[in-house]
Amino acid sequence: MDGVTITFYAFSTLIIIGAVMTITSRNAIGAVMSLVATFFGLAALYALLYAHFLAALQVLVYAGAIMVLFIFVVMVLNRDEIHPFSTRGWSSTFAWLVGVGSVLYLGVQLLSKLLNFTVSMSHQSGGAVLHRDAPPEDFGTVAAVGHLLFTDYLFAFEAVSILLLIAVIAAVVVARSHRSGAYEEPEAAVTESHGGHA
Amino acid sequence: MIPVENFLVLAAVLFCIGGLGVVLRKNVLIILMSVELMLNAANLTLLAFARAHHDQHAHAFAFLVIAVAAAEAAVGLSIVVGIFRTRRTVQVDELTLMKH
Amino acid sequence: MEEFPLHYIPLLPLAGAAFCLLFGKRVGKTITTAVALCSVFGSGLLVASAVRLLHESPVPLTDTFFSATWISAGDLQLSAGLTLDRLSSVLCMIVTGIGFLIHVYASGYMAHDEGYTRFFGYLNLFMGAMLILVLGDSMPVTFVGWEGVGLCSYLLIGFWYDKEANANAGRKAFVVNRIGDFGFLLAMAYLFSLTGTLKYAELPSHLQTLGQTAWWGLPAAFFFGILVLVGATGKSAQIPLYVWLPDAMAGPTPVSALIHAATMVTAGVYVCVRLHVAFEIFPLTLAIIAIIGALTALFAATIGVLQRDFKKVLAYSTVSQLGFMFVGVGSAINTPTSVTSNYQGAIFHLMTHAFFKAGLFLGAGSVMHALSGEGDITRMGGLRKHLPHTHATFLLCCLAIAGIIPLSGFWSKDAILGGAHAAMWLPKGTGGAEVFFAHHLGLILYLILLATAACTAFYMFRLYFLAFWGEFRGTDEELHHIHESPASMTGVLWVLAIGAVGVGFLGIPDVVSSGGNHFGEWLLPVVREQAAEESAREFWTLAVIALGASAAGIGLAAALYLHGFSDQVRAMAAAFPSVYKFVYNKYYIDEFYNAVIVQPLRWISLGLWKVVDSFFIDGTVRLVGGLTLVVGKVVRYAQTGDVHHYVAGMLAGAALVFGLSVQLGGCHGYKFAEAASVATPRLQRMPRREHVTPDNVPLLPAVPGNGLIR
């Protein structure tokens, strides 16, 4: 057991515990905090995979920006749940079972296929396919990934930037009060904060 | 050196946990978070293979996935706020306006 | 072939029609009248200038304005052209000349009608369509005009459509005409399938083809002729399709005069003469035409004897006179060297008839105008004192139609009677049928026409005496209102009366005055003269017999009706009530058609409606709709509105697709890798740029793993 392996298992444990806590927590704030922990763990694993740039992005965008957004909304809307899992009526139970079954089936199938794939890759004639050695020096650095993004993926990059712009505008439009204007409607803010305290 | 299979197993488990969250929880916020979990599981798979093949193209994909996830979170959360404003709830089983 | 801008001739009235119908209401009656009259007058002037050219040389005038391809479908290449030869010039002159007169008359007659501008729009439309019919250089162009006049006839019969009887009469005319039109269409199709052309000018070069035997040992020309004849009987109101014309009198009187007496109803005669070369291939076709004409003439004349409605009498008279024309068309003389027929006589009678029948109808209109629309002759009488102009012109026209020398009707009717007398459809031979067609049939038809002529004289003078002589039989109030028509109407009446007297002199037979038959000469370039040259003695013998018949009819009418309905008339009606009723009710032909054709059609239609349409077709549609509803009712319970259910469904679907692709597509590891190895080169073929940094060091050194998947 070298240090890398220990690191991997430690962060894997963190990720799984965090994920499970995220989906089981009765309290939304707790769920968000667990999710932040999961994302940090994932960032660490990205770093293990030589994806340094993405590890940084994971911390900045996910654990930073997106989770702040979540917390903000949770603060506004949060209420503790008495029955966090939906089990109302036989049809809900049925959907519950179908959903859980499907998810597990998908997970197992995907896993088995991927593993199968890697195994077959490893046994390909003509030499090793999967590398166990360290990748080149600049693998996963900002310069290398940035170079890719601004050459081969320039179009996708620009498309995503436009998508983000649209998302920003859409978020403003959707979340805005549907009455004449948010600024002239103080009672809307009042009821919101009231809902938040309840 | 960690074998790539370890990462794949971890990603699959993460994906399942996210999927269960989507299916089981009633709170829209938790459901959105579970979706984020699933997206991250996909990202983890991408990066694991990138490392195994020494091919950085997957990094660009992962980058795009993160950007799209950010957009999704922004729009999704604003919808949640909008729904809460009119319906006073974020429980999906109470949001059954599309009922027959 | 000479060029002439013929297209302006129908185009002027059509433009007038468009103006009247679109803007008539807005610009008012005065401008509408001016436009309508001027357009007809303009096309009349064009016809006159074209006729002057034709007078110098008989070469037909053509108009290449429309000669581009009109209809193109497979082998069918049609150009729409107009042509004016000496035959169509006669029709054109009648249409524009009498049409113009009737326009003038209508401007007075319809002056107080609400639909004044609409009326003139339809009337101009009719003029345009009729001129297209006459000028068309091929059957399809003629057919356009043919349908156009049918449409106008329908519109004008039902002009006062707020009365149901009028609308029904219009519909009846339309439907009955449709049968004829169908015959005409079939004739076109048949001719095209045989010869590949529909142009009149090209017909003579295809006589060989038309003469070939088609079915039952009869030549194709026979069937073609019969189909054309079906069309002609529809348009020209011959047996068995004459029933619409008497009902057509529901329209305004100028319409009856123009469309249902002078012009449109003669279209059948015109088309038969136009296609005469096809008929001559098999002369027995002409015999059938003659027989139908003669029977119609007698049949309609006998009905006319007892009718009480002023215009109905004239309508049956029109049917009868059209029968005369058909006899003229059909009176063939078949010699071993050639076949000709009495076309000159038919067209000559068409022309004189246009004058005196238009005069009679317009006189009837004047009478009804004076009596506030009363058309029942049992409520008239003694009108000659109140309506002097109408009376005088009506008398002249009556004498003309009765065939009194030297009025126009005498000459034209005599031409037809003589033609029928001389006709022989087969060369003289020995066989049974040949003897009949060569010797007897002509004589039989002659006798029928003679009886018809007597009938005609009788019922026309019955009408004349009942309306203008004796004492007035209406109420005092009506008597008080009687007034002579305005000058625009009486003027037209006088012009037509003078025409009825005078146009006959154009066609005096050569035997009477040498070179007097201008009309026959005029038509010679189009149709050959009837072969038999009768002697002067023969002509006068026939003329005296015909005059005797007419005089007898007039005398009988005078004896019975000079002072209103005499006692003898009442006694006869009482003595033979069943005969009287039988004839008065027009031999119950309408009822017969109703029972034999209309009612079964109704039943079939009812069955189709109730069973096929309502049950099967509607049922199928309803079944589909109902199924959708039922399925929707069941399936909508899946729409719980709960997001979890949708998510579960989505995931289950994803699992199903994945599972199926594993099971069926064989998404096993080995193949998966194979697929990846196939797919990978594409990825690597993407242009790999030379990643060059400022210090010229590649950022991405060649990775050992690259390309190894292959």
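Each reported figure results from applying straightforward, stated rules to the coordinates on display, with no laboratory input. On a predicted model such as this, the values are computed, not experimentally measured, just so you know. Here the Cβ is made from the backbone with ideal geometry for all residues, glycine too, and neighbour counts use every protein chain on show.
Assorted remarks:
- Per-residue ³J(HN,Hα) for the stretch B:35-47, Karplus 6.51 cos²θ - 1.76 cosθ + 1.60, θ = phi - 60°, Hz, x for Gly and Pro: 4, 4, 4, 5, 4, 5, 4, 4, 4, 4, 4, 4, 5
- Annotation for residue C:435 and residue C:171: the two label points, set 7 Å from Cα along the Cα-Cβ direction, are 5.3 nm apart.
- Members of C:172/C:413; C:29/C:312; C:311/C:586; C:163/C:581 lying beyond 22 Å, as alpha-carbon distances in this model show: C:172/C:413; C:29/C:312; C:163/C:581
- Fewest-first ranking of C:337, C:263, C:640, using other Cβ atoms within 10 Å as the exposure measure: C:337, C:640, C:263
- Relative contact order of the stretch B:4-91, pairs being alpha-carbon contacts under 8 Å that are 6 or more residues apart, as %: 29
- Placing +1 on the Cβ of every Lys and Arg and -1 on the Cβ of every Asp and Glu, with no other charges, gives the stretch C:45-153 a dipole of roughly 200 debye about its Cα centre.
- Its DSSP H runs of at least 4 residues, each contributing -39,500 (n - 2.57), put the calculated 222 nm mean residue ellipticity of chain C at -21500 deg cm²/dmol, to the nearest 500.
- Surface/4 of the Cα convex hull for the stretch C:188-311, nm²: 8.5
- Averaging the sequence gap over all C-alpha pairs within less than 8 Å and six or more residues apart, then dividing by the number of residues, gives the stretch C:263-584 a relative contact order of 24 percent.
- The distance linking the stretch C:318-332 with the stretch C:576-640 is 41 Å (Cα centroid to Cα centroid, whole angstrom).
- Projected-area average for the protein assembly as shown over all orientations - Cα convex hull basis, square nanometres: 68.2
- Order of C:259, A:6, C:405, B:83 under a 10 Å beta carbon neighbour criterion, fewest first: A:6, C:405, B:83, C:259
- Computed over chain C, relative contact order equals 10 percent, with contacts defined as Cα pairs under 8 Å that lie 6+ residues apart.
- The length gained by stretching the chain between residue C:657 and residue C:205 to full extension, at 0.36 nm per residue less their Cα-Cα distance, is 155.2 nm.
- Volume per residue of the convex hull around the Cα atoms, evaluated for the stretch C:122-228, comes out as 80 Å³.
- The slack in the chain from residue C:395 to residue C:34, taken as 0.36 nm per residue of separation less the alpha-carbon distance, amounts to 126.8 nm.
- Each of A:147, C:598, C:146 was placed along the dipole of the protein assembly as shown (beta-carbon charges, centred on the mean Cα), and the one lying farthest toward the positive end is C:598.
- The simple spin-label model puts a point 7 Å past each Cα toward its Cβ; for residue A:26 and residue C:218 those points are separated by 10.4 nm.
- About the Cα centre, charge dipole magnitude for the protein assembly as shown (Lys/Arg +1, Asp/Glu -1 at Cβ), debye: 1620
- The equivalent ellipsoid of the stretch C:263-584 has semi-axes of 37, 22, 16 Å, largest first, where each one is the square root of 5 times an eigenvalue of the Cα gyration tensor.
- Shape class of chain B from the alpha-carbon gyration tensor: prolate, with a/c at 1.5 or above and a/b greater than b/c.
- Diagonalising the gyration tensor over the Cα atoms of chain C and scaling each eigenvalue by 5 before taking the square root yields semi-axes of 68, 33, 28 Å, largest first.
- Ranked list, fewest to most other Cβ atoms within 10 Å of each Cβ, for C:383, C:426, C:601: C:601, C:426, C:383
- Computed Rg/Rh of the stretch C:614-657, alpha carbon atoms with Kirkwood Rh: 1.29
- Coupling constants for the stretch C:237-249 follow from the phi torsions by the Karplus curve (6.51 cos²θ - 1.76 cosθ + 1.60, θ = phi - 60°), and in residue order they are 6, 10, 4, x, 10, 7, 4, 7, 5, x, 5, 5, 5 Hz; glycine and proline get x.
- For the stretch C:130-146, 3J(HN,Hα) per residue [Karplus equation, 6.51 cos²θ - 1.76 cosθ + 1.60, θ = phi - 60°, Hz, x = Gly/Pro]: 5, 5, 5, 4, 6, 8, x, 9, 8, 4, x, 5, 4, 5, 4, x, 4
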